[in-house]
1. Can you run down the residue pairs with Cβ atoms below 6 Å, 6 or more apart or on separate chains, where the first is in segment 96-118 and open to solvent by less than 40 Å² (accessible area, probe 1.4 Å) and the partner is in a loop (DSSP other than H, G, I, E, B) and at pLDDT 95 or above?
2. Could you go through segment 239-248 and let me know if any residue there is closer than 13 Å to Val105 by Cβ and outside any loop (DSSP other than H, G, I, E, B).
3. On the given criteria, is Ala139 among the hydrophobic types (A, V, I, L, M, F, W, C) and out of contact with any Gly (no Cβ under 9 Å at 6 or more places or on another chain)?
4. For segment 79-93, name all the residues that are surrounded by 19 or more Cβ atoms within 10 Å (Cβ to Cβ) and outside any loop (DSSP other than H, G, I, E, B).
Amino acid sequence: MKSSSIKSVFVLSALVLLNEGIVSSAEFEEGKHYKLIKNENESQVDEQAQTAEDVTDEAAESNTVDGESSSNEISVVEYFSYGCTHCYRLEPFIDTWLETKGEDVEFSRVAVPTREDWIPYARAYYIAEDLGILEKVHALMFRAIYVNKQPMGQKRLLKRMFTGVAEVEPEKFEEVWASDRIPKKVQNAVIEMRDLGVSASPTIVVAKKYLITPETAGDLAFMFDVVDFLVEKIKADREMEESTAANEISQ
């Protein structure tokens, strides 16, 4: 090979490595790849919000416990619905991410009815949660809906799965199905969704501060790349705040 050709190969290789470095170090941009959650909803108080004030207060107390824990964990919350095909397609990416996430990152789900006909699916999730069987039936719910084409919002199908697969006593299922707890959980989810500005599923909220959708991320496959970026950003911001506070104390 001629020296000029060898030189060209080295130059090309260097350009490739440079481009790879640029891509890997590129930062996701606020307003483009994710959105900053603002308190705009607080200024939009209407009669409906006023009548729901007591419920909102209770939901806020619950969120303080579930979202940002006292152990300084970073919350990552998926707002989803069993009725959402994109949520079904996101599941493998969630499973992969859960295997690599840090111990200081806490993942949870909130079932939200972004459409009125998805309310039964939100109820199904909170019934399973109340019964303590989410780990047993969560993936099965998606499979039943999208593989077996079953309307799992229907009581008879839900009861058959929960009693058959999760071995829930029929009497216990009936008690939870008829309880006031389930509609209250759905209502709280709707309030939380509204307050955070969640309008579609799946939506991921990081530390109650940043909002990610498939559209902002560019694709379902990239949502958790943005999540990881934001988690590292939050950690860096916290370290800077702690360093600044320590310097002020020492002065």
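The values are calculated or read from the model by the stated rules, or taken from the named source; none is laboratory data. Quick caveat, the model's predicted, so the values are computed rather than measured. Positions of Cβ are generated from backbone atoms using ideal geometry, with glycine treated the same way; all protein chains shown enter the neighbour counts. For the accessible areas, the whole protein counts, side chains as well, though only heavy atoms, and no ligand, DNA or RNA atoms are used. Shrake-Rupley method; radii C 1.70, N 1.55, O 1.52, S 1.80 Å.
1. Trp118/Ser81; Trp118/Gly83
2. Here is the first cut: in segment 239-248, the ones closer than 13 Å to Val105 by Cβ are none.
Checked segment 239-248: no residue is closer than 13 Å to Val105 by Cβ and outside any loop (DSSP other than H, G, I, E, B).
3. Numbers: among the hydrophobic types (A, V, I, L, M, F, W, C): yes; out of contact with any Gly (no Cβ under 9 Å at 6 or more places or on another chain): yes.
The answer is yes for Ala139.
4. Within segment 79-93, Tyr79, Phe80, Cys87, Tyr88, Leu90 qualify.
A quick yes/no check of all residues on (1) under 14 Å from Leu90 (Cβ atoms); (2) open to solvent by less than 30 Å² (accessible area, probe 1.4 Å); (3) among the basic types (Lys, Arg):
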residue	(1), (2), (3)
Val176	no, yes, no
Lys184	no, no, yes
Asp195	no, no, no
Val198	no, yes, no
Thr203	yes, yes, no
Phe224	yes, yes, no
Asp228	no, no, no
Ala236	no, no, no
Ile249	no, no, no
